[in-house]
Amino acid sequence: MGIKVVATNRKAQHEYFLMDKFEAGIVLQGSEIKSIRAGQISLAEAYVRIDNDEAWLVEAHVAPYDQAHRFNHEPRRPRKLLLHLSEIRHLRDDIARKGTTVIPLRVYLKDGKAKIEIAIAKGKKLYDKREVIAKRDARREIEREFKRR
């Protein structure tokens with residue numbers, strides 16, 4: 001069936017250095033999967049927290065599904081992530097280092113199931129961001145010059 005990307009965290013590349021990436025399943029309630037399939041999810045403020053060898057997606061907003069009415073879900077509730085214990089321990093050990101966190105990169109549907117791609121990330125300083133922008137601008141200028149010739 002393939003992969004259909006539902007939501008991406010576009011600021012992740014700009015705000016963080018991304019290190020290891022993982023794919024995880026998400027434990028959802030009935031109306032949540034319908035909202036996700038409709039693309040009604042936001043990862044803008046979301047992050048991953050590790051508690052007692054369990055990974056949780058926190059602050060992700062899944063909009064209420066209109067047709068569910070009283071059986072609807074809470075939009076910002078913590079959602080458990082399905083990862084192997086070794087992966088959770090790897091994440092926990094990397095978070096213990098100063099300056100690293102785990103952030104969601106994208107949510108997608110794979111064979112009808114909602115999956116999330118998460119990454120260990122280290123925050124960029126302002127000068128790092130400026131350096132990346134300068135390199136990108138220089139590369140664009142070079143490409144423009146080659147096109148003119």
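Please treat every number below as a calculation from the coordinates, not as lab data. In this text the structure is predicted, and so the values were computed from the model without any measurement. FYI the Cβ positions are ideal-geometry reconstructions off the backbone, even for glycines, and counts take in every protein chain you see.
Remark: pairs (first residue in segment 123-149, in contact (Cβ under 8 Å) with a residue 12 or more places away in the chain; second residue exposed (fewer than 10 other Cβ atoms within 10 Å of the Cβ) and assigned to a loop (DSSP other than H, G, I, E, B); Cβ separation under 8 Å; 6+ apart in sequence or on different chains) = GLY123/GLY99. Considering segment 38-79, the residues that are farther than 16 Å from LEU105 by Cα and in contact with a Leu (Cβ under 9 Å, 6 or more places away or on another chain) include one that is surrounded by the fewest Cβ atoms within 10 Å (Cβ to Cβ), namely ASP53.
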